[in-house]
1. What distance in nm lies between label points placed 7 Å from Cα along the C-beta direction at ALA59 and VAL141?
2. So for the pair LYS133, ALA98, with labels modelled 7 Å out along Cα→Cβ, what separation do we get in nm?
3. Just to verify a number: FRET efficiency for THR33 and GLU91, C-beta to C-beta distance, R0 = 35 Å, to 0.05?
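Values in this text are rule-based calculations from the coordinates and carry no lab data. Because the structure is predicted, anything quoted here is derived from the model rather than measured. Cβ atoms come from the backbone with ideal geometry, glycine included; neighbour counts cover every protein chain shown.
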Amino acid sequence: MRALQVHLLAALLCLCGWLLPAVPPAQAAADLTVSQVSLEPCPSADIGAQPQLRRPSGASCYVLRGTVTNPGRKPVVDTDVFAQILDASGEPVLQNRARVGSIGDVPPGESTFALRLAVPAGTPGPFSFTNVKARGFKAPVRTRAGAYDDLLPLEQDVVS
């Protein structure tokens with residue numbers, strides 16, 4: 001009986017090994033183009049700017065804005081934005097980090113986005129960007145709690 005179970009398990013694993021590579025990776029994720037990228041200081045009225053915490057050792061609030069284009073006919077969900085942000089001397093602003101944030105669902109066509117970022121205080125500007133892209137999925141990859149589940153409360157105010 002035990003030998004039969006082992007043989008059935010081995011056959012099932014072989015079958016899965018043949019079927020899984022047949023699913024093309026393009027069905028799992030979608031690459032989107034990003035344009036018109038800018039990084040601006042948060043407005044002083046923005047609660048994320050934390051004007052009471054202006055000190056050299058802290059972080060400064062910035063808003064990364066841009067336009068993302070979904071060339072498909074269906075929305076792309078759970079979309080993340082990736083970029084390398086460089087300071088005036090060409091050094092990365094966000095060390096060891098390419099993902100800058102999540103912009104949620106992207107409908108077909110062009111959409112604008114805004115992400116709040118914490119940039120180390122004293123980082124010399126102006127800033128430049130390389131490898132800016134967005135990547136999402138054709139179906140949800142996480143559970144959904146509500147309309148703004150992919151936005152933190154502070155990010156909900158930045159989007160408008």
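1. So the label points at ALA59 and VAL141 sit 2.2 nm apart.
2. Spacing of the two 7 Å Cα→Cβ label points: 0.7 nm.
3. 0.85
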